[in-house]
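Structure, as structure tokens:
What follows draws every value from the coordinates through simple rules; no lab data is involved. The structure presented is a predicted model; accordingly, all values stated were derived computationally and were not measured. Glycine also receives a Cβ, built like all others from the backbone with ideal geometry; neighbour counts cover every protein chain displayed.
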Amino acid sequence: MPAPVVILEKRGLVGLITLNRPDALNALSTRVMDELTAHIRTCEADEQIGCMVLTGTGRAFAAGADIKEMADKGYADALLEDFITRNWEEATRCRKPIIAAVNGLALGGGCELAMMCDFILCSEAARFGQPEVKVGVMPGAGGTQRLSRSIGKSKAMEMCLTGRMMDAAEAERCGLVSRIVPAEGLVEEALRVATQIAELSRPIIYMTKEAVNRSFEVPLSEGVRFERRLAHTTFALEDHKEGAAAFAARRKPVYKHR
Ligand code: CO8
């Protein structure tokens with residue numbers, strides 16, 4: 001039985017998923033993506049888990065799709081296998097939040113995978129880039145789309161056309177990451193934030209995540225209407241009453257996720 005290339009550990013209410021192919025800088029082979037997808041589905045189905053953290057071992061989050069695996073594929077192979085996209089988007093399909101904890105290189109598909117998560121925390125060692133053009137291909141897992149929405153056309157265009165890497169400070173400045181955390185405490189901090197989220201009302205977290213994501217899909221007036229519909233429905237939840245009652249009683253709310 002070969003060692004897993006992606007590890008899932010349960011840390012209280014959080015599923016900690018670690019890409020574990022450090023010798024290949026966690027390159028995202030088909031096997032890595034199959035295991036990752038399976039773990040995300042396991043966390044999604046586990047009633048105890050309320051949030052996930054995705055990170056990588058060694059000096060990379062992930063250095064991209066596995067170039068060696070790509071090397072012999074022809075156009076028909078890529079098309080028929082639905083290469084890259086076949087199971088890459090599980091992180092965007094699940095309803096529980098996923099935090100990317102980027103500890104090092106997040107390149108090509110690695111940067112795209114981090115952007116599929118709900119937000120990115122990174123260490124000072126993080127480097128982001130879409131270097132696909134340098135290896136005779138282009139971003140194929142949403143890089144051109146998510147990067148431009150995240151950091152604007154000019155920077156996204158420069159990064160995609162040149163393959164230039166961005167350091168952590170620049171990534172924070174332009175809003176690609178939410179915060180920089182010291183490397184030695186990155187995963188612990190991500191787990192702390194994830195636990196905080198997991199303790200909140202799950203239906204409300206699901207709705208909030210859906211509403212923020214909706215803002216990337218529809219015009220403002222439509223998004224605001226969608227948000228209002230969801231916000232009104234929260235009044236039907238037991239957790240809504242519990243939140244208000246706990247606030248009034250100056251105690252910590254205990255949500256039942258109902
Ligand atoms: N795939 C496979 N193996 C990799 C990858 C990768 N993406 N990145 C690194 N590795 C391997 C190296 O081959 C090496 O293995 P070995 O020791 O067996 O030769 C090991 O990881 C360590 O790497 P290096 O020795 O190169 O380490 P350095 O510190 O010298 O360099 C770099 C680090 C700069 C990150 C360098 O490894 C590099 O340039 N890697 C490739 C980065 C890259 O180009 N990523 C984008 C890949 S393409 C992609 O993600 C999307 C394709 C979309 C296709 C569209 C389909 C629809």
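Given the chain, what count of lysine pairs have C-alpha atoms under 17 Å apart, with each pair 8 or more places apart or on different chains? Don't skip to the end; give the middle numbers.
Numbers: K10/K96; K68/K134; K96/K209; K96/K256; K241/K252; K241/K256.
The result is 6.
Please report, largest first and rounded to whole Å, the three semi-axes of the ellipsoid equivalent to the range 1-68, where each semi-axis is the square root of five times an eigenvalue of the C-alpha gyration tensor.
Details: eigenvalues 98, 29, 19 Å².
Whole-Å semi-axes of the equivalent ellipsoid: 22, 12, 10.
Taking 25 °C and 0.890 mPa s as conditions, the range 1-141 diffuses translationally at an estimated 162 µm²/s according to Stokes-Einstein applied to its Kirkwood radius (Cα pairs). Shape analysis of the range 41-113 based on the Cα gyration tensor places the equivalent ellipsoid semi-axes at 26, 18, 8 Å, largest first.
Kindly rank 147-160, 58-71 from highest to lowest mean number of other beta carbons found within 10 Å of each residue.
Working: 147-160: 16.9, 58-71: 20.6.
Going by the mean number of other Cβ atoms within 10 Å, highest first, we get 58-71, 147-160.
Semi-axis lengths, largest first, of the ellipsoid equivalent to the range 64-170 are 22, 17, 13 Å, with √(5λ) applied to each eigenvalue of the Cα gyration tensor.
What does DSSP give for the chain in terms of the percent of beta bridges that are antiparallel, rounded to the nearest 5? Antiparallel bridges make up about 30 percent of those DSSP assigns within the chain. Relative protection proxy for 170-183, 19-32, 242-255, from highest mean packing down: 19-32, 170-183, 242-255 (other beta-carbon atoms within 10 angstrom). For the range 1-132, the antiparallel share of DSSP beta bridges with both residues in that region comes to about 25%.
Percent of Cα pairs in the range 96-236 per distance bin of 10 Å, from zero to the largest separation: 11, 36, 32, 17, 3, 0. For the pair A236 and E184 in one chain, pulling the backbone fully straight at 0.36 nm per residue adds 14.5 nm over the alpha carbon distance.
Please report the projected area of the chain's Cα convex hull averaged over all directions, in nm².
Numbers: hull surface 62.1 nm².
So the mean shadow area of the Cα hull is 15.5 nm².
Mean residue ellipticity, 222 nm, helices only, the chain: the sum of -39500 (n - 2.57) across DSSP H runs of n ≥ 4, divided by residue count and rounded to 500, is -13000 deg cm²/dmol.
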